[in-house]
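The values are calculated or read from the model by the stated rules, or taken from the named source; none is laboratory data. Just so it is clear, the structure is predicted and the values come from calculations on it, not from any experiment. Cβ placement follows ideal geometry from the backbone for every residue including glycine, while neighbour counts extend to all protein chains displayed.
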Amino acid sequence: MLRKSLVVAIALFVLATVNVSAQDAGARTRELAAALDKTKYKKKEKPMVTVEFYIDIKNEPVVRDAASYAGNYTSEDSESNLSLQVSGAAVSGTGRDWFGENRRSFALKDAFISGALLTGTKVYENGEQQKFEAVFVNRTVSNGKNANEIASRDTKFGIGFIQEVSNNDSQKGTQTWTNRVFLERR
């Protein structure tokens with residue numbers, strides 16, 4: 001009886017741990033997708049002329065079988081890319097980042113997919129390492145005059161992430177900014 005109770009207790013503990021990890025990955029996935037969203041509206045008025053511009057970018061996480069995420073992902077300007085290989089639980093990849101005027105190639109190591117969340121470490125050619133966290137999304141871009149007058153709406157599947165970029169300037173010191181990056185599946 002004691003042995004049976006111990007086995008049940010261990011099984012419940014393992015299931016609870018797996019469930020909490022899945023919930024954490026789901027919460028992080030939603031946070032990251034929301035951080036990739038952006039809405040911008042500008043209106044300029046001059047006598048007899050009004051110009052309006054509106055763009056709304058929404059990202060919805062896409063959960064699939066991990067193997068279906070394998071493929072090539074490229075930025076709109078083709079400056080950044082990621083080639084992702086998935087075989088069972090093994091995930092690896094190579095790619096290129098664009099930092100201002102610097103292109104840097106990297107290999108993705110210790111990569112793991114949980115739901116729509118990809119985590120790992122980028123290892124650059126110079127040995128520098130950077131934590132990597134991305135989400136597979138359907139990205140919808142709506143353009144128009146304003147929120148009530150949308151001229152176009154386009155949805156694409158890809159991978160999105162927030163990229164932190166640091167720049168060391170001898171006069172201004174170290175400056176860090178963030179960039180929302182979307183790589184479309186090609």
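Can you pull out every residue in the stretch 63-76 that is of a type in the set (Gly, Ala, Ser) and either at positive phi or in a strand (DSSP E or B) (or both)?
Passing the criteria: only GLY71.
Which one of PRO47, PRO61 is more than 17 Å from the chain's Cα centre (by Cα) and at pLDDT 80 or above? Let's see the steps before the verdict.
Values: PRO61 fails: more than 17 Å from the chain's Cα centre (by Cα).
One residue alone meets the criteria, PRO47.
Checking the condition β-branched (Val, Ile, Thr), part of a strand (DSSP E or B) and touching a residue at least 40 places away in the same chain (Cβ under 8 Å), which residue from VAL137, VAL86 passes? Even if it seems obvious, please write down each step before you answer.
Working: VAL86 fails: touching a residue at least 40 places away in the same chain (Cβ under 8 Å).
It is VAL137.
Go over the candidates GLU52, GLU79, GLU60 one by one and state the one that is assigned to a loop (DSSP other than H, G, I, E, B) and either in contact with a Phe, Trp or Tyr (Cβ under 6 Å, 6 or more places away or on another chain) or surrounded by fewer than 18 Cβ atoms within 10 Å (Cβ to Cβ) (or both).
GLU79
Can you name every residue in the stretch 105-128 that is out of contact with any Lys or Arg (no Cβ under 7 Å at 6 or more places or on another chain) and in a strand (DSSP E or B)?
ALA107, LYS109, ASP110, ALA111, PHE112, ILE113, SER114, LEU118, THR119, LYS122
Test each condition in (1) in contact with a Lys or Arg (Cβ under 7 Å, 6 or more places away or on another chain); (2) in contact (Cβ under 8 Å) with a residue 60 or more places away in the chain; (3) of a type in the set (Lys, Arg) for ARG28 and report the one that comes out false.
(1)
All but one of (1) under 24 Å from LYS40 (Cα atoms); (2) assigned to a loop (DSSP other than H, G, I, E, B) hold for GLN171; state the number of the condition that does not hold.
Result: GLN171 fails condition (1) only.
Going by the structure shown, is GLU184 closer than 22 Å to SER92 by Cβ and in contact with a Gly (Cβ under 9 Å, 6 or more places away or on another chain)? Walk me through it before giving the result.
Numbers: closer than 22 Å to SER92 by Cβ: yes; in contact with a Gly (Cβ under 9 Å, 6 or more places away or on another chain): yes.
Against the criterion (closer than 22 Å to SER92 by Cβ and in contact with a Gly (Cβ under 9 Å, 6 or more places away or on another chain)), GLU184 qualifies.
Checking ASN143 against (1) touching a residue at least 60 places away in the same chain (Cβ under 8 Å); (2) part of a loop (DSSP other than H, G, I, E, B), which test does it fail?
ASN143 satisfies every listed condition except (2).
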